[in-house]
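The values are calculated or read from the model by the stated rules, or taken from the named source; none is laboratory data. As the structure is a prediction and not an experimental result, all values here were calculated from the model. Heads up, the Cβs are rebuilt from the backbone with ideal geometry, glycines too, and the neighbour counts pull from every protein chain shown. Note: accessible area is taken over every heavy atom of the protein model, side chains too, but ligands, DNA and RNA are not part of it. Shrake-Rupley method; radii C 1.70, N 1.55, O 1.52, S 1.80 Å.
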Amino acid sequence: VVEYSPDNGTTWDVLEEDLTAKTADIDWSELSGAGANKSLVRILVTDGINTTIATSPAFTVATSKPEVFIDEPQANDTFEKGEDILFDGEGFDDLDGELVGGSIKWESDKDGVIGVGESVTSRKLSIGTHTIKLTASNSVGVSEVATITINVVAATETGDAGSTSGSLSSSSGD
């Protein structure tokens, strides 16, 4: 059995088992580390009665970037100024699992920070084309970004009785 630990032996993941050859092909790019000199590999060999364990010295495996996805809004969606816009996305990291709360940040290139968390609603975006950026960061500070472009246009008057735009005038007949 060949096992890998990203955290100095606190946890172990099986990379290969039931080997009959003297070598194993490991795709190191698929592994994520927790920091400098914290990764270990150990090999467990048995003849059915006796088991021998050999553990490597600690080494460094670079921490992989999180995966980040924007679910809402969709690319090139158009919204009216003042309309509620739902920003919904997710981040996942090999080291931390699901990234939540302050690990997720929404920004507009025109208006700055929109909010933090997986789901944020805003009606404060200015008129124009916005590049929306969702940044997911793991516990060791490695981040990844997803972007989309949306458009905010001037609100149209509907003429509804409940409308707050326009003017009201009255005249009285004598």
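Some notes on this structure:
- Global geometry of region 42-101, whether rounded, prolate or oblate, following the gyration tensor of its Cα atoms and the 1.5 cut on a/c: prolate
- Listed values [x] 0.96; [y] 1.32; [z] 1.05, entry calculated as Rg/Rh (Cα atoms, Kirkwood Rh): [y]
- Highest GNM mean-square fluctuation among Asp111, Asp47, Asp18, for the chain modelled with Cα contacts below 10 Å: Asp47.
- Computed from the C-beta positions of Thr156 and Glu17 and an R0 of 41 Å, the FRET efficiency is 0.05 to the nearest 0.05.
- Charged side chains reduced to their Cβ positions (Lys and Arg at +1, Asp and Glu at -1) give region 1-90 a dipole of some 840 debye around its Cα centre.
- Positive contributions from Lys and Arg (+1) and negative ones from Asp and Glu (-1), summed over other residues with Cβ under 10 Å from the Cβ of Asp93, come out at -4.
- Net charge, Ser103 excluded, C-beta distance under 10 Å - Lys, Arg +1, Asp, Glu -1: -3
- Using a Gaussian network model of the chain in which every pair of alpha carbons under 10 angstrom is joined by a spring, one finds that among Asp25, Asp84, Asp109 the greatest mean-square fluctuation is at Asp25.
- Measuring r between the beta carbons of Arg42 and Glu67 and using R0 = 22 Å, the FRET efficiency lands at 0.20.
- Residue-normalised accessible area of the chain, given per residue in Å² at a 1.4 Å probe: 63
- In plain terms, if you count all Cα to Cα distances in region 11-114 and split them into 10 Å steps from zero, the share in each step is 10, 30, 22, 16, 12, 7, 3, 0 percent.
- A prolate overall shape is assigned to region 54-134, the ratio a/c of its alpha-carbon gyration tensor axes (a ≥ b ≥ c) being 1.5 or greater and a/b exceeding b/c.
- Sulfur and carbon atoms: percent of accessible area, the chain [1.4 Å]: 48
- The chain, relative contact order in percent, only Cα pairs under 8 angstrom and at least six apart counted: 18
- With both labels modelled 7 Å from their Cα along Cα-to-Cβ, the Lys81 to Ala146 distance reads 3.0 nm.
- Listed residue (Ile114, Thr23, Thr60) projecting farthest to the positive dipole end of the chain, Cβ model: Thr60
- Total charge dipole magnitude, the chain, about the Cα centre, Cβ charges on Lys, Arg, Asp, Glu only, Debye to nearest 20: 680
- Placing unit charges on each Cβ (+1 for Lys and Arg, -1 for Asp and Glu) gives the chain a dipole about its Cα centre, and among Ala155, Ser39, Phe69 the Cα reaching farthest toward its positive end belongs to Ser39.
- Viscosity 0.890 mPa s, 25 °C: Kirkwood-radius Stokes-Einstein D of region 117-157 over Cα pairs, µm²/s: 196
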